[in-house]
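Worksheet: the structure to be examined is printed underneath.
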Amino acid sequence: MNGLRRLFKFAPFMAVFLFLAGCGERRLTALDPMGPQSQWIYDNMILSLYVMAIVIIVVFVLFFIVVIRFRHKEGDNEYPEQVHGSTKLEVAWTVIPLFLLAILAVPTVTGQFYLSNTGLEAQEAENEEEVDEEELDAESAEELGDDVMKITATGHQFWWQFDYDFGDDSFTAGNEVYVPVDTKVAFVLEAEDVMHSFWVPALAGKVDNIPGIENYMWLEASEPGVYKGKCAELCGPSHALMDFRLVALEQDEFDEWATAMQEEEEAPTESLANEGREIFEEQSCLNCHAVDGDGGAMGPSLANFGDRETIANYLEVNDENLKAWIQDPQSLKQGNNMPAYPDLSDEELDALVAYLNQLEKLDPETKEGLERD
Amino acid sequence: MVREATNTLQKSVLWDWLTTVDHKKLAVLYLISGTLFFLKAGLMAVFMRIQLMFPMNDFLSGQTFNEFITMHGTIMLFLAATPLLFAFMNYIVPLQIGARDVAFPFVNALGFWLFFFGGILVSLSWFFGGAPDAGWTSYVPLASRDYGGLGIDFYVLGLQVSGIGTLVSGINFIVTIINMRAPGMTMMRMPLFCWTTLVTSILIVFAFTPLAAGLALLMLDRMFDGMFFIPGEGGNVVIWQHIFWIFGHPEVYILVLPAFGMISEIIPTFSKKRLFGYTAMVFATLIIGFLGFMVWMHHMFTVGIGPIANSVFAIATMIIGIPTGIKIFNWLFTMWGGKLTFNTAMLCASSFVPTFVLGGVTGVMLAMAPVDHLYHDTYFVVAHFHYIILGGIVLGLIGATFYWYPKMFGHKLNETLGKIMFWMFYVGFHLTFFVQHILGLIGMPRRVYTYLEDQGMDTMNMISTIGAFVMSAAIILLVVNIVYSAMKSPREGGDPWDGRTLEWATPTPVPEYNFAQTPQVRSLDPLFYEKIHGDGTMKPAEPIGDIHMPNGSIYPFTISLGLFFAGFGFIMLNMENAIISPWIVIAVGGIITFGSMALHSVKEDHGYHISKETVEQMEKEVGTNG
């Protein structure tokens, strides 16, 4: 009975914890997992909480008994019995924790292998076997290559580059990464300048992007929608603003989007936007920003800028913010590498904004569906 | 009259403190400079909490915030916690083992001044274009020559200088504890604080050497076009992390073990009971020290070292929980059946136990490598290590301050102010850091200077900041208490707490030779043993006679000053408009340092003797005072 009562005492603590957990933003907080990997992590965190609760309860109960029962009383000048220790007790509190830790050690080891299994290695091994056995025809190898989708995520100060590897039809996206829902996606993690760390809390654990080293991870989203991702490794003054978004789409919507991303950029029909396109070229924006497969990679690709949820990974999307950003990016995001364009006239800015806003790749219906969610 | 007799030269107060080699005076120097650094880094923490009070606050810029996180961590670990622990180790350990001083008093002074000038060098960065900004871990490439500013050079050279100080002090403590124990003070009769000091010192020797090597490589990279950590030129950035954490993880135990020792002294005294399971406690300390070197990779679970390495280090990390658990239960059972007096020292020491368990529990959770992919580099980690450092080390330090203050300064700290301070600190601490666990889990990375609205983080950050204010009010109250008590508190005798260990057998103020006659130790808790089985005073192990004492020396100060100049000179190599050639500054520094060393080697110094008569007279005087 006593034990049960203790359990009830503990229940409010859990309730408070869960209440606070509810405060987090959906599709950001790791306490509301939305993919198999984050679910696994969450379940094992709860497991460790339960095991550790045993330790906490034992220590706290002992502690409160001690501080309440064994107080010194006024006028009592006798020394208490000088106990040396107890071998039995020492053995007990050495062995029992060992068992508790063993409970946690098993998922620790299996989980680490589960997390590390991106599927890329198995796929490569399979490909090699294929070569040995059938002397390989190119087509079957390519088919196998489709089993695991692979995206290379490169961290820059302070933005993300996502390279989609579809053989000849590869393309690049900036700051927003689109993935098909319910599909295991492998990420190759790289860094251009300093270390970064790729983290989508609601979907997977983080893995570091390290210059000169390739890292691997995988994630899977169980629900379509827009997930928030963060850079988790200190990377400079604007580290806090290096968020990104992961957009999970139904498979057919994703395919549509990917096809649109592979298309060449076409001159806009509207005249203002067309003017903007000329300014974009005149000001050498293309040196750093691609608008389709071509263009530099110093800055994020703007091929689908019109679909963006934020400007510079944190500003609300509106024309004022975009203009302010173009005129003086430093004041909005300290330490970023984009030069300022303070000399552009209002007309030029209007044209540029009109051009950028019409760079859309997402099907309007799909986009609306995302916003509704 | 007594002072004149002992000091053969009439010296000014300043000169006396600059040249002192007395372990008690050096302890006071450590205490004062450590406290100043602690207040400075604490103030930075308050500024950071103000910045994080509201989403998208613009109190500090991202750059300034990064400089603050770096300096807060660097100062707290290297220049506040370490010297504060050294203060107590210096003052108490020789007394507890019945020694007249440490083994190498000159080296002891050298250690202090090196630490001091190293700390000044790091702090100077604010006046030369900004403090280091790559975090206290200084991960490359952010800290490499391409991305890190001049501040990093101050970090590298400053820590190099202060690191040598810590290293030589560590060696000194090892030799002292092994060689200078009084007759009868066997290893297994040493107070636990001496044991933890010994293990910490061994850890220092093995951990600060890789740090020195790593800093040297980083210095070569930054100043002489080295490429140890430059990717693309044959360098590897992960190597720096390995070197840093091979030092960095033992560093945690370097700091927490002495705190364990302090708790193990305070709890028995105020429970009126001997330490439960002394032998188990000693072995737990040794095992923690040993395992501390086997777990550094748990700071790097997300670096991508592979599942096998991660698993091995994860399990090694979990195993550390067992000796730590042994300690927790032994403290609880020391109090069990005792007669507990809850003054401020005991409040700190006893509340340390549940608080540290909370930090330990999150430690075991963090050890689960795959789940650590969630916790890593989030506020969950920030909460975890502040539970260890504030709830463990700082509570231990505050407790030790209240406990040993009457021995060091002759009067107690005010208990009423002390208890108010304790409760404010304790409440403020939990308010600040408990919510940070949850902040991490809902997606707040660490080291962010701000966060966006509507992420559910606003309220918890506000609570955390309010907690920080309460905690700083507590620290201010502690400072007030020190001043107030200095004026109001009555003088205390040598043994105000009914102590159990040898330091309480000395008179207060402690004479410079500590023990007129080296005591004969007959048991663990020797003074308590004499109170029960003898007449309450230690039996001498030698007849009273002349006491040989070391002379003071200015060379520790000048050697360190020279290294300070040389270090600054190396930093000037990276300055754009240095006023004079850096090589001149380096040369001047080198000449001062090596010149002082040469002079110290050539000049013979046999110290001086305090005559038997003077000792007898001094003993009589303190006898009447105490």
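Looking across A:GLN82, A:GLN37, one residue alone is more than 7 Å from chain B (Cβ to nearest Cβ) and at negative phi. It is A:GLN37.
Considering only the range A:310-329, I want to know if a residue exists there that is in a helix (DSSP H, G or I), within 14 Å of chain B (Cβ to nearest Cβ) and at pLDDT 90 or above.
Quick first cut of the range A:310-329, residues in a helix (DSSP H, G or I) only: A:319-327, A:329.
Now drop any that are not within 14 Å of chain B (Cβ to nearest Cβ), which leaves A:321, A:329.
Going one step further and asking which of them are at pLDDT 90 or above, we end up with A:321, A:329.
Among the residues of the range A:310-329, at least one is in a helix (DSSP H, G or I), within 14 Å of chain B (Cβ to nearest Cβ) and at pLDDT 90 or above, which makes the answer yes.
Of all the listed residues (B:GLU613, B:GLU576, B:GLU604, B:GLU621), the sole one being free of Cβ contacts under 8 Å to residues at least 12 places away in the same chain and within 30 Å of B:ARG491 (Cβ to Cβ) is B:GLU613.
Report yes if some residue within the range A:63-76 is buried (at least 19 other Cβ atoms within 10 Å of the Cβ), within 8 Å of chain B (Cβ to nearest Cβ) and in contact with a Pro (Cβ under 7 Å, 6 or more places away or on another chain); otherwise report no. Looking for residues that are buried (at least 19 other Cβ atoms within 10 Å of the Cβ), within 8 Å of chain B (Cβ to nearest Cβ) and in contact with a Pro (Cβ under 7 Å, 6 or more places away or on another chain), one finds at least one in the range A:63-76, hence yes. Taken over the range A:320-338, the criterion of being open to solvent by 70 Å² or more (accessible area, probe 1.4 Å) and without any contact (Cβ under 8 Å) to a residue 40 or more places away in the chain is satisfied by A:GLU320, A:GLN330, A:SER331. The residue that is farthest from B:VAL238 (Cα to Cα), counting only those in the range A:212-229 that are open to solvent by 10 Å² or more (accessible area, probe 1.4 Å) and within 9 Å of chain B (Cβ to nearest Cβ), is A:LYS228. Every listed requirement among (1) under 13 Å from A:GLU309 (Cβ atoms); (2) at the interface with another protein chain (Cβ under 9 Å from one of its Cβ atoms); (3) among the hydroxyl-bearing types (Ser, Thr, Tyr) is met by A:SER238 save one, (1). Within the range B:239-250, the presence of at least one residue that is of a type in the set (S, T, N, Q), under 30 Å from A:ALA191 (Cα atoms), in contact with a helix residue (DSSP H, G or I) (Cβ under 9 Å, 6 or more places away or on another chain) and touching a residue at least 40 places away in the same chain (Cβ under 8 Å) is confirmed. Can you tell me which residue is surrounded by the fewest Cβ atoms within 10 Å (Cβ to Cβ) among those in the range B:116-154 that are in a helix (DSSP H, G or I) and either of a type in the set (Gly, Ala, Ser) or within 14 Å of chain A (Cβ to nearest Cβ) (or both)? Filtering the range B:116-154 for residues that are in a helix (DSSP H, G or I) and either of a type in the set (Gly, Ala, Ser) or within 14 Å of chain A (Cβ to nearest Cβ) (or both), the one surrounded by the fewest Cβ atoms within 10 Å (Cβ to Cβ) comes out as B:SER123.
Might you let me know whether the range B:39-54 holds any residue that is touching an Asp or Glu at 6+ places or on another chain (Cβ under 8 Å) and part of a loop (DSSP other than H, G, I, E, B)? The answer is yes, given that some residue of the range B:39-54 is touching an Asp or Glu at 6+ places or on another chain (Cβ under 8 Å) and part of a loop (DSSP other than H, G, I, E, B).
Here are some residues: B:GLU503, B:GLU453. Which one is among the acidic types (Asp, Glu) and over 28 Å from the mean Cα position of the chain (by Cα)?
On the way: B:GLU503 fails: over 28 Å from the mean Cα position of the chain (by Cα).
Exactly one of B:GLU503, B:GLU453 is among the acidic types (Asp, Glu) and over 28 Å from the mean Cα position of the chain (by Cα), namely B:GLU453.
Scanning the range A:198-218 for residues that are touching a residue at least 40 places away in the same chain (Cβ under 8 Å) and more than 14 Å from A:THR152 (Cβ to Cβ) turns up A:VAL200, A:PRO201, A:ALA202, A:LEU203, A:ALA204, A:GLY205.
So if I check each of B:TRP336, B:TRP296, which one is aromatic (Phe, Trp, Tyr) and at the interface with chain A (Cβ under 10 Å from one of its Cβ atoms)?
Details: B:TRP296 fails: at the interface with chain A (Cβ under 10 Å from one of its Cβ atoms).
Just a single option satisfies the conditions, and that option is B:TRP336.
Okay, residues lined up against (1) in contact with a Ser or Thr (Cβ under 8 Å, 6 or more places away or on another chain); (2) among the polar types (S, T, N, Q):
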| residue | (1), (2) |
| --- | --- |
| B:THR432 | yes, yes |
| B:VAL435 | yes, no |
| B:GLY440 | yes, no |
| B:VAL448 | no, no |
| B:TYR451 | no, no |
| B:GLN455 | no, yes |
| B:MET462 | no, no |
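Among the residues of the range B:193-229, the ones that are within 14 Å of chain A (Cβ to nearest Cβ) and open to solvent by 10 Å² or more (accessible area, probe 1.4 Å) come to 2 in all. Just one of the listed residues (B:GLU233, B:GLU265) is among the acidic types (Asp, Glu) and part of a loop (DSSP other than H, G, I, E, B), and it is B:GLU233. Put simply, of B:PHE290, B:PHE283 the only residue that is within 12 Å of chain A (Cβ to nearest Cβ), on the phi < 0 side of the Ramachandran plot and open to solvent by 20 Å² or more (accessible area, probe 1.4 Å) is B:PHE283. All of (1) without any contact (Cβ under 8 Å) to a residue 12 or more places away in the chain; (2) within 7 Å of chain B (Cβ to nearest Cβ); (3) within 28 Å of B:HIS298 (Cβ to Cβ) hold for A:VAL55 with one exception: (1). Candidates in the range A:96-122 are the residues that are under 15 Å from A:VAL148 (Cβ atoms) and open to solvent by 30 Å² or more (accessible area, probe 1.4 Å); of these, the one that is farthest from the other protein chains (Cβ to nearest Cβ) is A:ALA122. Say whether the condition of being assigned to a loop (DSSP other than H, G, I, E, B) and either facing chain A (nearest Cβ under 7 Å) or open to solvent by 20 Å² or more (accessible area, probe 1.4 Å) (or both) is met by at least one residue in the range B:345-368. Yes, that holds for at least one residue. Restricting attention to the range B:231-274 and to residues that are within 14 Å of another protein chain (Cβ to nearest Cβ) and of a type in the set (Ser, Thr, Tyr), the residue that is surrounded by the fewest Cβ atoms within 10 Å (Cβ to Cβ) turns out to be B:THR269.
Number of residues in the range A:230-249 that are in a loop (DSSP other than H, G, I, E, B), under 19 Å from the mean Cα position of the chain (by Cα) and of a type outside the set (Ser, Thr, Tyr): the value is 7. Scanning the range B:169-192 for residues that are assigned to a helix (DSSP H, G or I) and either touching an Asp or Glu at 6+ places or on another chain (Cβ under 6 Å) or surrounded by fewer than 21 Cβ atoms within 10 Å (Cβ to Cβ) (or both) turns up B:ILE171, B:ILE174, B:VAL175, B:ILE178, B:ASN179, B:MET187, B:MET188, B:ARG189.
So, of the residues in the range B:59-72 that are within 11 Å of chain A (Cβ to nearest Cβ) and open to solvent by 10 Å² or more (accessible area, probe 1.4 Å), which turns out to be nearest to the chain's Cα centre (by Cα)? Spell out how you get there, then give the answer.
Quick first cut of the range B:59-72, residues within 11 Å of chain A (Cβ to nearest Cβ) only: B:60-67, B:69-70.
So of that shortlist, the ones also open to solvent by 10 Å² or more (accessible area, probe 1.4 Å) come out as B:60-61, B:63-64, B:67, B:69.
Working: B:LEU60: 29, B:SER61: 31, B:GLN63: 28, B:THR64: 26, B:GLU67: 22, B:ILE69: 19 Å.
Checking each candidate, the answer is B:ILE69.
Name the residues in the range A:168-186 that are closer than 15 Å to A:VAL200 by Cβ and without any contact (Cβ under 8 Å) to a residue 40 or more places away in the chain, would you? Hit for the range A:168-186 is A:VAL185, nothing else.
Which residues, counting only those in the range B:582-620, are among the β-branched types (Val, Ile, Thr) and part of a helix (DSSP H, G or I)? Break it down stepwise before answering.
Initial filter on the range B:582-620 (among the β-branched types (Val, Ile, Thr)): B:584-586, B:588, B:591-593, B:602, B:610, B:614-615.
Listed by number, the residues that qualify are B:ILE584, B:VAL585, B:ILE586, B:VAL588, B:ILE591, B:ILE592, B:THR593, B:VAL602, B:THR614, B:VAL615.
Within the set B:ALA505, B:ALA473, B:ALA486, the sole residue that is of a type in the set (Gly, Ala, Ser), touching a strand residue (DSSP E or B) at 6+ places or on another chain (Cβ under 7 Å) and open to solvent by 10 Å² or more (accessible area, probe 1.4 Å) turns out to be B:ALA505.
The values are calculated or read from the model by the stated rules, or taken from the named source; none is laboratory data. Predicted, not measured: the structure shown is a model, and the values here were computed from it. Don't worry about glycine lacking a Cβ; one is built from the backbone with ideal geometry, like all the others, and counts go over all protein chains shown. Surface areas here come from the heavy atoms of the whole protein model, side chains and all, with no ligands, DNA or RNA. Shrake-Rupley method; radii C 1.70, N 1.55, O 1.52, S 1.80 Å.
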